[in-house]
Each structure stands twice: as C-alpha cells, then as structure tokens.
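The values are calculated or read from the model by the stated rules, or taken from the named source; none is laboratory data. None of the values given here were measured: they were computed from a predicted structure. Here the Cβ is made from the backbone with ideal geometry for all residues, glycine too, and neighbour counts use every protein chain on show.
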C-alpha cells in the first residue's frame with residue numbers, strides 16, 4: 001500500500017510558521033495552526049532534542065528499521081506530540097507492521113491537528129482500502145481527486161487516486177463507473193493508469209491471462225520499478241495479483257516492489 005509521509009519533518013515546522021505569517025493579501029495573514037504555536041513555545045534545548053530525534057526517526061524509517069524508528073518517535077512525543085508530521089510517521093510505522101488499528105488512530109490524531117493535510121487524508125483512505133472498507137475509502141478518495149488534479153505538487157498522485165477509485169467502484173457494484181475512469185486515457189499517457197486500469201477490469205471479468213498481458217505491457221513501458229510499485233502494490237492489496245514474496249506472480253516482466261512501495 002502507498003503511505004505518504006508528511007512534510008513537517010525536523011526543521012520544516014519553523015519554515016511553516018514563517019509561511020503562516022506571510023500576508024496572502026495586504027493586511028491578511030494565514031491563521032497559525034495550534035501545533036506550530038506549541039512547537040515554537042518549546043525551549044531552545046527542547047527544540048534541539050526534538051529535531052535530533054525527529055531526524056533520526058526519519059532516517060531509521062527510510063532504512064526500514066521500524067522498531068527503532070518507533071522508539072525515536074516516542075522520544076519525539078515525550079517533548080511534543082501534536083506535530084502531524086510525527087503522528088503521520090508513527091502511523092506509517094504501524095502500517096509496516098500491518099497494525100491498521102493503531103495506524104488509523106495515529107493518522108486521525110494527525111488529521112485533527114491539520115485537517116487539510118492531503119497526505120494524512122490519503123493515508124486514512126488507504127487504511128480503509130486495505131481493510132476492505134471500499135465504500136468509505138471511495139468517499140474519501142472522491143474528495144481527494146480534484147485536489148490532486150488542481151495542485152501542481154499533487155498531480156503525480158491524481159492518476160493513482162483514479163485507479164483506487166476504479167477498484168473501489170468495482171467492489172461497490174459500479175462497474176460502469178469504473179470503466180468511465182479510463183475514458184480519455186490511452187497508451188500515450190505518462191502514468192500506468194491505462195494499463196493497470198484495463199488489467200483490473202480483465203481480472204474483474206475473470207480473464208486473468210488478458211489482465212497479465214496488460215501488466216506485461218506496463219512493465220515494458222514503465223521500466224523504472226518505483227514507477228509501477230504503488231500500482232502493483234494496489235493490485236496485491238486488492239487481491240488480484242499475489243505478492244512477490246510468495247513467489248506466485250506469473251508476470252515475469254514486472255519488477256518486484258521491494259523497498260518502500262508506500
């Protein structure tokens with residue numbers, strides 16, 4: 001599954017605080033979130049310790065040293081536990097252990113601190129997706145779809161959100177709605193949506209060999225494993241293809257997800 005980490009790492013909360021004080025228009029300022037105020041109120045010594053532990057947690061997570069990462073997050077939270085970045089990272093750790101109950105709790109805490117955070121909202125939709133709460137996931141993904149398409153820094157997520165919406169529609173009995181997701185896509189697109197979407201429709205129709213042809217085409221066109229990894233992981237979570245770790249996937253042209261895949 002694809003979990004997105006927030007951008008509130010280490011020193012980033014300080015730059016965020018500066019951004020909130022910059023006027024949007026003359027005489028107008030953004031409201032400063034409460035968690036930023038609390039972080040700014042820490043003593044210099046506390047801030048230094050906070051950032052050391054947060055950076056170390058980030059480093060350990062990237063190395064897949066999840067137990068150690070959680071220990072560092074606990075140290076972070078001994079100083080301050082309101083930063084949505086640290087809460088989001090905590091949730092990502094629990095996802096690695098597939099403890100979705102604790103992951104959901106951490107993401108909800110993060111969302112309470114920063115309700116507009118796209119990353120956290122996406123992660124909550126992901127939790128519903130992998131726990132087969134497809135109607136609930138679909139509702140959240142629909143809310144993220146337009147935002148992903150409108151914001152430049154999120155455009156790379158838009159197609160993947162569409163893919164997850166397509167799968168949720170299949171599970172909730174809206175096959176025609178799922179097919180409409182692929183309208184306007186073709187082999188010239190710069191994302192795997194056309195290929196993986198059609199593969200999903202073939203799997204849904206119990207045409208496994210045809211689906212594997214679509215996946216093989218995607219593998220030939222999108223040769224970078226990191227490009228197809230989240231799409232591949234999504235089909236694994238959905239149950240249409242088996243995990244590489246089980247050694248059962250028949251499409252040899254695709255590379256294993258490896259690494260994060262999140």
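Residues that are closer than 15 Å to residue 164 by Cα and free of Cβ contacts under 8 Å to residues at least 60 places away in the same chain within the range 105-132 comprise 121, 124, 125, 127, 128, 131, 132, listed in sequence order.
Of the residues making up the range 206-222, those that are touching a helix residue (DSSP H, G or I) at 6+ places or on another chain (Cβ under 8 Å) and loosely packed, with under 13 Cβ neighbours inside 10 Å number 0. Checking 158, 135 one by one, the residue that is surrounded by fewer than 21 Cβ atoms within 10 Å (Cβ to Cβ), closer than 18 Å to residue 234 by Cα and free of Cβ contacts under 8 Å to residues at least 24 places away in the same chain is 158 and no other. Under the condition of being crowded, with 16+ Cβ neighbours inside 10 Å and over 12 Å from residue 163 (Cβ atoms), the residues counted in the range 223-236 number 4. Being without any contact (Cβ under 8 Å) to a residue 12 or more places away in the chain, more than 20 Å from residue 148 (Cα to Cα) and touching a helix residue (DSSP H, G or I) at 6+ places or on another chain (Cβ under 8 Å) is the requirement here; does residue 176 meet it? Here the answer is no, as residue 176 does not meet what is asked.
Restricting the range 85-104 to residues that are assigned to a loop (DSSP other than H, G, I, E, B) and free of Cβ contacts under 8 Å to residues at least 24 places away in the same chain leaves a set whose member that is surrounded by the most Cβ atoms within 10 Å (Cβ to Cβ) is 99.
When every residue of the range 37-53 is checked against the conditions, none turns out to be in the same structural domain as residue 111 (by TED's automatic domain parsing), under 20 Å from residue 3 (Cβ atoms) and in contact with a helix residue (DSSP H, G or I) (Cβ under 9 Å, 6 or more places away or on another chain). Looking only at the range 163-172, decide whether some residue is assigned to a loop (DSSP other than H, G, I, E, B), under 27 Å from residue 214 (Cα atoms) and not assigned by TED's automatic domain parsing to the domain that holds residue 55. Yes, the range 163-172 has at least one match. The number of residues in the range 63-84 that are in a helix (DSSP H, G or I), crowded, with 18+ Cβ neighbours inside 10 Å and more than 23 Å from the chain's Cα centre (by Cα) comes to 1.
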